[in-house]
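Right, one structure below, let's go through it.
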Amino acid sequence: MTTPIDQAFVHDTFPEPVMPACSVQKLLRGQTAIVTGASSGIGKAIAIALGHAGADVVVNYVSGPEDAEAVAKEVGSCGSRVMTIRADISKEDEVQAMFAQVIREWGTVDILVNNAGIQKDAPFHELTLAQWQRVIDVNLTGQFLCAREAVREFKRRGVRKEISCAAGKIICISSVHEVIPWAGHVNYAASKGGVMLMMKSIAQEVAPWRIRVNSIGPGAIRTPINTEAWGTRSHYESLLKLIPYKRIGEPDEIGRAAVWLASDESDYITGTTLFVDGGMTLYPGFETGG
Ligand code: BGC
């Protein structure tokens with residue numbers, strides 16, 4: 001049975017890790033980043049973290065312009081330039097128009113965070129073609145379309161040593177479900193499994209141009225997409241059985257991983273997934289069995 005959301009319980013149990021308001025070390029100074037799906041959840045946290053690390057940030061969104069504007073305000077609070085662009089990343093013409101606008105107005109793009117993603121869950125035998133297709137369109141095709149435009153721009157421009165060792169960085173926001181099968185979420189898991197090999201194959205192909213491509217694989221993060229999993233005490237308790245580290249993750253924690261992966265601190269890393277999941281991918285069922 002679903003009880004009313006007991007958010008206070010979750011907050012009291014695990015205080016949110018605090019991100020310094022404006023990073024002293026501006027790891028991404030002088031770089032331009034596009035974050036897709038940045039008006040809420042993980043995308044919002046990434047946009048703010050990149051902005052606070054000195055990057056100029058494009059807050060891409062598909063609906064809810066007010067939310068995107070609110071994120072933009074926070075991104076800009078440490079002095080970064082920021083713009084909001086509405087574009088459905090599953091549509092080729094809208095993706096191309098977004099990149100063209102950013103290049104026209106800001107000269108180039110240095111970082112793409114392929115974050116926009118959706119879930120449309122159903123038992124497999126009831127999964128409709130429309131539910132399957134929409135999730136694949138946004139989570140996989142959308143990442144392909146944005147990555148392709150980014151690579152075109154990175155190759156055109158090449159490396160500017162004073163800005164970054166790399167000609168460009170792409171970070172795909174994947175999921176623990178790129179490796180963990182997920183009953184009832186077949187379309188979502190298939191899209192994330194696809195993101196994994198797409199990311200690795202692009203990384204292999206573009207490495208000679210000094211373009212780095214990596215993924216972040218979040219586990220359970222406290223965002224609107226999975227309120228169901230953490231919003232009540234009983235759901236939260238069953239969620240913890242899947243997390244050896246025994247707490248839910250916070251969006252900021254993905255933001256900080258994204259800053260690092262986008263920075264020259266991680267210059268020798270390409271083609272890999274960084275799981276930020278409190279150990280969810282460690283087969284927690286084997287803690288006591290096997
Ligand atoms: C999903 C969440 C889920 C988490 C762990 C994420 O990719 O979007 O809904 O809670 O994986 O299962």
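Key figures for this structure:
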{"item": "Accessible surface of the range 146-254 [probe 1.4 Å, protein heavy atoms]: carbon and sulfur percent", "result": "58 percent"}
{"item": "Helix axis angle, 41-52 relative to the chain longest principal axis, alpha carbon, degrees", "result": "40 degrees"}
{"item": "Acute angle (nearest 10 degrees) that the helix 92-106 long axis makes with the longest principal axis of the chain, alpha-carbon atoms", "result": "50 degrees"}
{"item": "Rounded to whole Å, sorted largest first: equivalent-ellipsoid semi-axes of the range 4-286, Cα gyration tensor", "result": "29, 22, 18"}
{"item": "Angle between the chain longest axis and helix 186-206 axis [Cα atoms, degrees, rounded to 10]", "result": "30 degrees"}
{"item": "Assigned charges on the beta-carbon of Lys, Arg, Asp, Glu; the chain dipole about Cα centre (debye)", "result": "820 debye"}
{"item": "Area accessible to solvent at residue 286, 1.4 Å probe radius, in Å²", "result": "140 Å²"}
{"item": "Global geometry of the range 162-238, whether rounded, prolate or oblate, following the gyration tensor of its Cα atoms and the 1.5 cut on a/c", "result": "oblate"}
{"item": "Trypsin sites (Lys or Arg not before Pro) lying in DSSP loop within the range 178-269, provided at most 13 other Cβ fall within 10 Å", "result": "241, 246"}
{"item": "Size of electric dipole in the range 173-290: Cβ of Lys, Arg +1 and of Asp, Glu -1, about Cα centre, debye, nearest 20", "result": "180 debye"}
{"item": "Mean accessible surface per residue for the chain, computed with a 1.4 Å probe while every protein chain stays in place, in Å²", "result": "46 Å²"}
{"item": "Exposed-loop-free span, longest in the chain, where GluC sites (Glu not before Pro) count as exposed if DSSP calls them loop and at most 15 other C-beta atoms lie within 10 Å", "result": "1-161"}
{"item": "Semi-axis lengths, Å, the range 124-279, gyration tensor of Cα atoms, sqrt of 5 times eigenvalues", "result": "31, 20, 11"}
{"item": "Whole-angstrom gap from the range 108-180 to the range 56-103, using each part's C-alpha centre", "result": "15 Å"}
{"item": "Percent of alpha-carbon pairs separated by more than 14 Å within the range 75-133", "result": "70 percent"}
{"item": "Accessible-area value, residue 132, 1.4 Å probe, nucleic acids and ligands omitted, Å²", "result": "90 Å²"}
{"item": "Listed peptides 44-52, 78-86 by packing density, highest first (mean Cβ within 10 Å)", "result": "44-52, 78-86"}
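The values are calculated or read from the model by the stated rules, or taken from the named source; none is laboratory data. Everything numeric in this text was worked out from a predicted model, so none of it was measured. Using ideal geometry, Cβ is built from the backbone for each residue, glycine included, and neighbour counts are taken over all protein chains shown. We work out accessible area using only protein heavy atoms, side chains counted, and drop any ligands, DNA or RNA first. Shrake-Rupley method; radii C 1.70, N 1.55, O 1.52, S 1.80 Å.
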